[in-house]
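A.B. asks: The structure follows.
The values are calculated or read from the model by the stated rules, or taken from the named source; none is laboratory data. All of these numbers come straight from a predicted model, not from anything done at the bench. Here the Cβ positions follow ideal geometry from the backbone for every residue, glycine too, while neighbour counts run over all protein chains shown. To get the accessible areas, we keep the full protein, side chains included, count just its heavy atoms, and leave off ligands, DNA and RNA. Shrake-Rupley method; radii C 1.70, N 1.55, O 1.52, S 1.80 Å.
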Amino acid sequence: MTTAAPVLLTVPEVMGRLKYSRSKVYDLIRSKRLASFTEGRCRRIPESALQEYIRTRLEEAS
């Protein structure tokens with residue numbers, strides 16, 4: 001049985017999904033509100049981290 005590899009997003013992909021600026025996405029990463037990691041010079045955000053951020057924001061808004 002094989003498991004699906006996690007989907008990893010780039011900063012521009014997250015920017016497009018959230019309609020946020022590059023600086024806003026990096027602010028979220030710096031403040032630990034959006035989990036990410038670097039591989040070499042590339043920063044990657046797991047899709048699950050993006051979903052968690054959205055879920056948290058929705059809970060804060062309600």
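A.B. asks: Restricting attention to region 24-55, which residues are farther than 10 Å from V11 by Cα and hydroxyl-bearing (S, T, Y)?
C.D. replies: S31, T38, S48, Y53
A.B. asks: Within the bounds of region 29-36, is there any residue that is over 11 Å from the mean Cα position of the chain (by Cα) and farther than 20 Å from P6 by Cα?
C.D. replies: Yes, there is a match, as at least one residue in region 29-36 is over 11 Å from the mean Cα position of the chain (by Cα) and farther than 20 Å from P6 by Cα.
A.B. asks: Among the residues of region 28-51, is any in contact (Cβ under 8 Å) with a residue 12 or more places away in the chain and among the aromatic types (F, W, Y)?
C.D. replies: Within region 28-51, not a single residue is in contact (Cβ under 8 Å) with a residue 12 or more places away in the chain and among the aromatic types (F, W, Y).
A.B. asks: Right, next: Could you list all residues from region 36-52 that are open to solvent by 60 Å² or more (accessible area, probe 1.4 Å) and in a loop (DSSP other than H, G, I, E, B)?
C.D. replies: Scanning region 36-52 gives G40, R41.
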